[in-house]
Structure formats: C-alpha cells, structure tokens
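The values are calculated or read from the model by the stated rules, or taken from the named source; none is laboratory data. No experiment lies behind these values; they were computed from the predicted model shown. Here the Cβ positions follow ideal geometry from the backbone for every residue, glycine too, while neighbour counts run over all protein chains shown. Areas reflect the complete protein model, heavy atoms only, side chains present, ligands, DNA and RNA absent. Shrake-Rupley method; radii C 1.70, N 1.55, O 1.52, S 1.80 Å.
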Amino acid sequence: MVEIHLGECLEVISTFASASFDLIYIDPPFNTGKTQARTQIQTRPDANGDRTGFAGRRYRTTRLGTKSFDDSFSDYLGFLEPRLEQAYRLLKPTGSFFLHLDYREVHYAKVLLDSIFGRDSFMNEIIWAYDYGARATRRWSAKHDNILWFAKDPSAYTFRYDDIDRIPYMRPDWLGPKRQPRERPRRTPGGTPLSAPAARRKRDIRLRSHWRSWIGSCAYTRIRATGCSTSLRAVGRLANRR
C-alpha cells in the first residue's frame, strides 16, 4: 500500500507516530540562491509533432504549467533542523536516514546531523556522480551531489548486501571458481552518465534507478519523501520485506 500526503512537510510528519519507519530519504532544497522552476508537460503521438521518441516515433508536447520556489534561505540550518529532528524521532531503532544535498550546505548539515544522531551513527557519505550540466571556465565544475547516511543505532542497522544491484566483473576469467558465477555489487547508486535532456529529470531518475537497490538494502519497510520545503510531495510505504 502506498500513502500520498500533500502539505507542508513539517506539519505532516509531526502527526506521524514515533519509530514508524525503517528508512527515511529526503532531498530538500539545496539553498542555491536561485529561483527553481519545474515545467510539467503532456505528450501524445503526432506524426507532425515537435519531438522524436523511440524508433523515430513523433510526439507533440503540451505545456501544462510551471511551478517554482525561491531556493534561498537566510537561515538554512534553522529551516532544516526541525525536519531532521522529526526524522530521528520517526526512525525505528534499526532504521537508516539519508540526506541528499550538494557542496553548498552538506558540510554544515553533517555537523548538525552529528549533534542529532551522534557522530558514531554516521555510516558513510555516498557520492552521486553525474556527467551533465554546465562546464565552468573559472573553477572546477560541480559534477556530484552528496548523500549522508546515518543509522539510528550504528550497532543494529539494516543492510541487506545481497539486495544490492550487481554488475559483471570486467575480467571474469581472472576470478577463482567461487567468484566466477557472481557479479560484483555496484559501489555507488550513481555513475551512469546521463545525456543533457535527462538532466532535467535527474531527481526522478535518482529515485527510480539504483536507489531502489540501495534503499532496499537498508530497510524492510520503504519510505520515499521528496520535497522538503513547502510540501511533502510523496511519502510511500510498502509492505514489510524480511
């Protein structure tokens, strides 16, 4: 069963019972200092359409509307802190928490999470590498996001190694007989280059692709929470998997 809650994030999650979730993943605004806009479109088959799809099929797109928000915070940690405290309250003792940010605020958020979860609860920093975006000429271009992983209890968290996505070894002929039938686990949830048009859909791709594996390896009941500013766009629960 999937539950969808629309509303201001903090107001919605404050009504949930403590220790309700095995995993919480949030992707809040990054405090870029810019206005972020997302345009929703609808496509339909049309031989004279403005876009070309798979196998040369043509489609016509209709713009349905654009939603935007001001991604600029004078006190970003003041905005983030009560939401992180709620996440800690909502996690089960064996639960894991993932916070997705970039270079602008991740180091401040790490210190804040240390104070909420405890430094021993920090499990790892996952680097989401991508191959799109602008090419800066006055500095190194930003080519990755940062995902902080904290466990509610660092001695009793869930990690299902066998559920991780696996990819073939480059030289299976180098392996011994015990390892040849197996593939190696994917080291990060990212790493797959995306074309420039796909960059506009990168947030959806993150949740649909390898995160299914990484999130699945860390929880029995899965929760998806995206959008942490003016609304909690989606909170999902799926049946327990043990």
Check your understanding: Between A136 and V2, what length comes free when the chain is fully extended (0.36 nm per residue of separation minus the Cα-Cα distance, one decimal in nm)?
Key -> 44.1 nm
Review point. Which peptide among 73-79, 59-65 comes first, and what is the full order, when sorted by highest mean count of other Cβ atoms within 10 Å?
Key: 73-79, 59-65
Exercise for review: Give me the accessible area of M123, 1.4 Å probe, in Å² rounded to the nearest 10.
Suggested key: 50
Exercise for review: With a 1.4 Å probe and every protein chain left in place, work out the accessible area per residue of the range 1-112 in Å², rounded to a whole number.
Suggested key: 57
Exercise for review: May I ask you to give the percent of accessible area on the range 86-165 that is carbon plus sulfur, with a probe radius of 1.4 Å?
Suggested key: 52
**Study point:** Anisotropy class of the range 19-68 from Cα gyration tensor, a/c 1.5 cut
**Key:** prolate
Review point. When you count, for each residue, the other Cβ atoms within 10 Å and take the mean per peptide, how do 95-103, 30-38 rank with the highest first?
Key: 95-103, 30-38
Point to revise | Counted charge near N31, where neighbours are those whose Cβ lies closer than 11 Å (Asp, Glu -1; Lys, Arg +1) | key: -3
Revision key, fill the gap. Taking protein heavy atoms only, a 1.4 Å probe, and rounding to whole percent, the accessible area of the range 3-57 owed to carbon and sulfur comes out at 51
